[in-house]
Amino acid sequence: MRGETMPKVVVVGSGSVGTTLAYTLQITGVATEIVLIDSNRELAEGQVMDMNHGLPFVPPVHIYAGDYPDCKEADVIVITAGARQKPGETRLELVDRNAQICKSIVASIMPHVSEALLLVVTNPVHIMTYAVVKHSGLPPHRVIGSGTVLDSARFRYLLSQHCSIDTHNVHAYVIGEHGDSEVLLWSQVRMAGTSLELFCAHCAVGCAPLDKTKITEAVKNSAYHIIEAKGSTNYGVALAVTKIIESVIRDEHSVLTVSMMLSGEYGVSECCLSVPCIVDKKGVGRIVETELDQAEENDLKQSAQILKDVCKRVA
Ligand SMILES: NC(=O)c1ccc[n+]([C@@H]2O[C@H](COP(=O)([O-])OP(=O)(O)OC[C@H]3O[C@@H](n4cnc5c(N)ncnc54)[C@H](O)[C@@H]3O)[C@@H](O)[C@H]2O)c1
């Protein structure tokens with residue numbers, strides 16, 4: 001890994017998610033070298049030209065359209081290529097189309113990978129992460145998926161809105177599938193270090209009681225609403241993925257609900273799933289086994305079973 005001084009990130013897929021990610025990396029200064037790859041080379045070149053016209057206004061960064069040999073010396077290679085959901089379509093319905101794409105990308109990347117971490121964003125993200133683990137042959141801690149990092153952010157945002165508190169002071173995790181069976185860990189929510197119940201009990205605002213079902217549904221259905229309204233989601237996911245990359249490149253040890261191949265943690269194995277993980281320069285440094293209540297434990301098992309059944313199709 002070239003590390004913190006000259007971080008290099010390759011983004012495969014120059015569509016809505018890949019380009020917004022590259023732009024976010026550009027303006028935050030997280031990477032000093034950004035390569036965009038797409039099967040539509042002209043698209044990648046156009047996106048790069050557009051971003052390069054902003055160079056006088058951001059920290060120094062080298063951005064170019066490339067090909068798989070440019071994965072050499074990358075710190076992180078992000079896979080965002082593939083089909084996206086159409087309005088009303090679930091993420092799991094994308095499996096067969098995107099598994100073929102991810103397998104062919106892995107075959108193109110691997111001859112050029114030395115130290116890089118592979119970060120999967122293409123949906124259904126856990127199944128694609130599983131396929132990339134299997135087809136790359138890399139150790140599981142070096143292949144992670146963006147998982148439910150975005151869903152956890154949506155959960156934190158909605159709690160912060162209800163309670164009029166900075167999102168940074170809300171700790172809340174969504175685990176399991178990035179999709180319909182995801183599990184919001186209500187039992188673990190911490191507002192300014194206290195439980196939600198205590199925080200609300202001492203609040204003098206006198207607002208309507210917090211409706212857990214409404215927030216749970218809003219988190220789960222966010223992507224459906226955004227896709228219905230504008231065709232795709234790109235900003236939130238780009239910022240979530242930038243945070244993951246930053247934690248790897250800067251060895252931040254941030255706790256993020258990335259997707260990772262589990263080997264018995266939370267009673268799950270042979271399946272990629274999101275649980276709180278400490279993300280550092282190695283990828284996942286440690287899986288945090290947090291306490292779940294009985295309902296959360298049952299829901300997580302159910303979510304894992306749904307994903308395990310689909311994983312078998314892409315192994
Ligand atoms: N994990 C998350 O939180 C999350 C959030 C949003 C979107 N996504 C997923 O990200 C993926 C991309 O979404 P998008 O909105 O950017 O789609 P998009 O259609 O805008 O872009 C996809 C790009 O992939 C390229 N591509 C297709 N096959 C390729 C291949 N074999 N090699 C290289 N490039 C190839 C296409 O040319 C296109 O430019 C989708 O699967 C979507 O569901 C994931």
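The values are calculated or read from the model by the stated rules, or taken from the named source; none is laboratory data. All of these numbers come straight from a predicted model, not from anything done at the bench. Here the Cβ is made from the backbone with ideal geometry for all residues, glycine too, and neighbour counts use every protein chain on show. These accessible areas exclude ligands, DNA and RNA; they are computed on the full protein's heavy atoms, side chains included. Shrake-Rupley method; radii C 1.70, N 1.55, O 1.52, S 1.80 Å.
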Exercise for review: Would you mind stating whether residue 296 is assigned to a helix (DSSP H, G or I) and more than 20 Å from the chain's Cα centre (by Cα)?
Suggested key: yes
Practice item. Look through the range 55-105, keep the residues that are aromatic (Phe, Trp, Tyr) and over 24 Å from residue 281 (Cα atoms), and return whichever of them is farthest from the chain's Cα centre (by Cα). Key: 57
Point to revise | Lone qualifier among 109, 27, 77, 101 - being assigned to a helix (DSSP H, G or I), closer than 19 Å to residue 142 by Cα and either modelled with pLDDT of 95 or more or open to solvent by 10 Å² or more (accessible area, probe 1.4 Å) (or both) | key: 109
Review point. From the residues in the range 39-74 that are small (Gly, Ala, Ser), in contact with a strand residue (DSSP E or B) (Cβ under 7 Å, 6 or more places away or on another chain) and more than 15 Å from residue 21 (Cα to Cα), which one is surrounded by the fewest Cβ atoms within 10 Å (Cβ to Cβ)?
Key: 66
Study note, to complete from the structure: Checking 278, 226, 306 in turn, the sole residue that is open to solvent by 30 Å² or more (accessible area, probe 1.4 Å) and touching a His at 6+ places or on another chain (Cβ under 6 Å) turns out to be 278
Practice item. Please give the number of the condition residue 210 fails out of (1) within 16 Å of the ligand (Cβ to nearest atom); (2) more than 24 Å from residue 136 (Cβ to Cβ); (3) in a loop (DSSP other than H, G, I, E, B); (4) of a type outside the set (S, T, N, Q). Key: (1)
Check your understanding: How do the pairs read when you match residues in the range 155-166 that are closer than 23 Å to residue 179 by Cβ and open to solvent by 20 Å² or more (accessible area, probe 1.4 Å) with residues anywhere that are modelled with pLDDT of 95 or more and in a helix (DSSP H, G or I), using Cβ under 8 Å and keeping only pairs 6 or more apart or on different chains?
Key -> 156/167; 157/167; 158/215; 158/218; 158/219
Practice item. Spot the failing condition for residue 5; the list is (1) open to solvent by less than 50 Å² (accessible area, probe 1.4 Å); (2) of a type outside the set (D, E, K, R); (3) more than 16 Å from the ligand (Cβ to nearest atom), and only one is missed. Key: (1)
Practice item. Give just the number: which of (1) more than 14 Å from the ligand (Cβ to nearest atom); (2) at pLDDT below 95; (3) surrounded by 14 or more Cβ atoms within 10 Å (Cβ to Cβ) does residue 91 not satisfy? Key: (1)
Exercise for review: Quick one: which residue in 101, 77, 109 is near the ligand (Cβ under 10 Å from one of its atoms) and on the phi < 0 side of the Ramachandran plot?
Suggested key: 101
**Study point:** Subset of the range 124-147 [open to solvent by less than 30 Å² (accessible area, probe 1.4 Å) and outside any helix (DSSP H, G or I)]
**Key:** 124, 138, 143, 144, 145, 146, 147
Point to revise | Residue under evaluation residue 114, criteria (1) open to solvent by 40 Å² or more (accessible area, probe 1.4 Å); (2) assigned to a helix (DSSP H, G or I); (3) in contact (Cβ under 8 Å) with a residue 12 or more places away in the chain, criterion not met | key: (2)
Check your understanding: Which ones in the range 30-60 are touching a Leu at 6+ places or on another chain (Cβ under 6 Å) and either more than 16 Å from the ligand (Cβ to nearest atom) or outside any helix (DSSP H, G or I) (or both)?
Key -> 31, 34
Practice item. Could you tell me whether any residue of the range 11-20 is touching a residue at least 12 places away in the same chain (Cβ under 8 Å), more than 23 Å from the chain's Cα centre (by Cα), open to solvent by 20 Å² or more (accessible area, probe 1.4 Å) and within 13 Å of the ligand (Cβ to nearest atom)? Key: no
Revision key, fill the gap. Note on the range 61-74: residues in a loop (DSSP other than H, G, I, E, B) and touching a helix residue (DSSP H, G or I) at 6+ places or on another chain (Cβ under 6 Å) are 61, 72
Review point. List, please: which pairs have Cβ atoms under 7 Å, are six or more places apart or on different chains, and start with a residue in the range 237-258 that is at positive phi and end with one that is modelled with pLDDT under 95?
Key: 253/285
